[in-house]
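The structure under discussion appears below in the form of structure tokens.
Computed from the coordinates by the stated procedures, all read-outs in this text should not be read as laboratory data. What you see is a predicted model, and the numbers here were worked out from it, not measured in a lab. Ideal geometry is used to build each Cβ from the backbone, glycine not excepted, and the neighbour counts take in all protein chains shown.
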Amino acid sequence: MPKFRVGIDHNTCQGFGACVELCSKFELSDEDGKSHVEGAKKLPSGEAVELDELECHKEAAEACPFNAIHITNLETNEKLI
Ligand code: SF4
């Protein structure tokens with residue numbers, strides 16, 4: 001079972017790309033101008049991916065000036081950011 005969930009709120013993401021600069025798991029889409037994270041599935045408000053391990057996802061989330069990236073520990077249900 002995956003340990004972490006990384007979600008991006010596309011209503012909040014402004015597409016300036018601080019996350020993309022810090023972490024190669026994120027990229028900006030030419031289509032919608034929003035950040036996308038590798039492996040994510042679409043959700044009504046954005047997208048999310050479940051992972052066994054975090055790589056640079058947390059640094060990217062911490063750098064987002066709009067707090068659009070959220071990480072949850074799925075084992076404890078703790079919201080890390
Ligand atoms: S840093 Fe935040 S607002 Fe900027 S592109 Fe990434 S998710 Fe969107």
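Brief remarks follow.
- Gained length - Ser24 relative to Lys41, 0.36 nm times residue gap less alpha-carbon distance: 4.4 nm
- Under the convention that each Lys and Arg Cβ holds +1 and each Asp and Glu Cβ holds -1, the size of the dipole of the stretch 4-79 around its Cα centre is about 240 debye.
- Cα gyration tensor, the stretch 4-79 - rounded (a/c under 1.5), prolate or oblate: prolate
- Within the stretch 19-37, backbone nitrogen closer than 16 Å to the virtual label 7 Å beyond the Cα of Glu53 toward Cβ: 24-25
- Segment Glu75-Lys3, length gained on full extension (0.36 nm per residue, minus Cα span): 25.3 nm
- At a Cβ-Cβ separation cutoff of 4.7 angstrom, cysteine residues of the chain with no neighbouring cysteine are Cys13, Cys19, Cys64.
- Net +/- balance of residues flanking Lys41 in space, Cβ distance below 10 Å, scoring K and R +1, D and E -1: -1
- Positive-end residue, the stretch 4-79 charge dipole about Cα centroid, Cβ charges, pick of Val20, His57, Asn73: Asn73
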